[in-house]
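Structure, as structure tokens:
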Amino acid sequence: MNDISFTRRGLLGVSAGIAAAAPLLGSAMLSPAFAAAPMLGAARPVVYRFPLGKFEVTTIFDGGVALDGPHPIFGANQDAAAVAAYAEANNLPGTRMEIGFTPVIVNTGKELVLFDTGNGDRRRPNAGALLSRLAEAGYKADQIDVVVLTHFHPDHIGGMMEDGKPAFPNARYVTGQIEYDFWSAPDKADNPVGKLVKSNIVPVAGKTTFLGNEGSVASGITSIAAFGHTPGHMAYHIESEGKRLLLIGDSCNHFVMSMQRPDWHVRFDMDKDGAAATRKKVLSMAAADRILITGYHMPFPAVGYVEAMGEGFRWNGASYQPFL
């Protein structure tokens, strides 16, 4: 390597050269060819796929809605200022939040199983993107063999129909018997959810398998009673070659407010105390057995782990674990 020496005279010479070239450089830097790149707008991932034994799991972002919160949607039984302060302590805005929606597809090798159908055309353009994003995930609607519904809230069944016809024309359906009986009852005919059930669920009842507290969807996929959020809300355990995934649906609706404070009331939970008990049961199982979980309203890609933390649990978003 050649020796490089710096002398005062040499440095002065370099400085003089730069000074002499400065006018030329200045005009070049102002040239349109060097203009700043245009703003392109926000972008976020919408498809995430990982192996689970011989299965393949894909999560798809159906969209999200921004709204005021977290109080009183979360922590309705708490002081509003305390909830806002807790959000801020967790690096979240104290008065604004987003609720995202993440349906899940499991390819068992024999069947393509979709869990929940998103908002459909109910909240477009901010949500209701499942059908368009199926193509980005490499699928077509007519390839879906099974549609599993965790429960019947509109953001889960809004995508069942498209233009009055089944959005997944070749699918069979699976859901809980208790959930169906509750929302399809005559006394729910004027209820907004009851009306949506009548238009989106009742027409396919003849192609639907109704499960009790526990039941099989397909080999390796079984339901778990997770009542409280709605009367017949279900979670699902998915397993292939010893690899496990717990699909918790709406058992937990926020990765901080519901997970770290499972006793805090949630507006969307029909049985507030029952839902809190279910949260603790489901999250305790996931934490104790270190099971990978996916939750419909967890931050996309909505896949991670939970660990016990004081009176609640902490969300740990997955990184490379599912791919090893």
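Read-outs throughout are calculated quantities, based only on the coordinates presented, and are distinct from any laboratory measurement. Just so it is clear, the structure is predicted and the values come from calculations on it, not from any experiment. Note that each Cβ is placed from the backbone with ideal geometry, even for glycine, and that neighbours are counted across all protein chains shown.
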Which lysines does residue 198 reach when only Cα atoms under 25 Å apart count, and residues fewer than 8 places away in its own chain are ignored? 165, 188, 207
Mean separation of Cα contacts under 8 Å (at least 6 apart) over the residue count of the chain, i.e. the relative contact order in percent, is 15 percent
Relative to the longest principal Cα axis of the chain, at what angle does helix 80-89 sit, 0 to 90 degrees, rounded to 10? 50 degrees
Work out Dmax and Rg for the chain from the C-alpha atoms and quote the Rg first, both in angstrom. 25.7, 95
Cleavage-rule hits, GluC sites (Glu not before Pro), region 160-221, DSSP coil, Cβ neighbours within 10 Å at most 12: 214
Can you tell me the 0 to 90 degree angle between the C-alpha axis of helix 272-289 and the longest principal axis of the chain, rounded to 10? 60 degrees
Within the chain, which is the longest segment that contains none of the trypsin sites (Lys or Arg not before Pro) sitting in a DSSP loop with at most 16 other Cβ atoms within 10 Å? 141-266
Going Cα to Cα from residue 110, which aspartates and glutamates come in below 17 Å? Please leave out same-chain ones fewer than 8 positions away. 56, 142, 145, 239, 241
Expressed as an acute angle from 0 to 90° and rounded to the nearest 10, what is the orientation of the C-alpha long axis of helix 8-29 relative to the principal long axis of the chain? 60 degrees
Rounded to 0.05, the calculated FRET efficiency for the beta carbons of residue 66 and residue 219 at R₀ = 35 Å is 0.30
Which of 153, 237 comes first, and how do the rest follow, when ranked by fewest Cβ neighbours within 10 Å? 237, 153
Which aspartates and glutamates, on any chain, are close to residue 272 with Cα under 15 Å apart, when same-chain ones fewer than 8 places away are left out? 250, 263
Relative contact order for region 71-141: what percent, with Cα pairs under 8 Å and sequence separation of 6 or more? 15 percent
Once every DSSP H run of n ≥ 4 in the chain is given -39500 (n - 2.57) and the sum is divided by its residues, what mean residue ellipticity at 222 nm do you get, rounded to the nearest 500 deg cm²/dmol? -7500 deg cm²/dmol
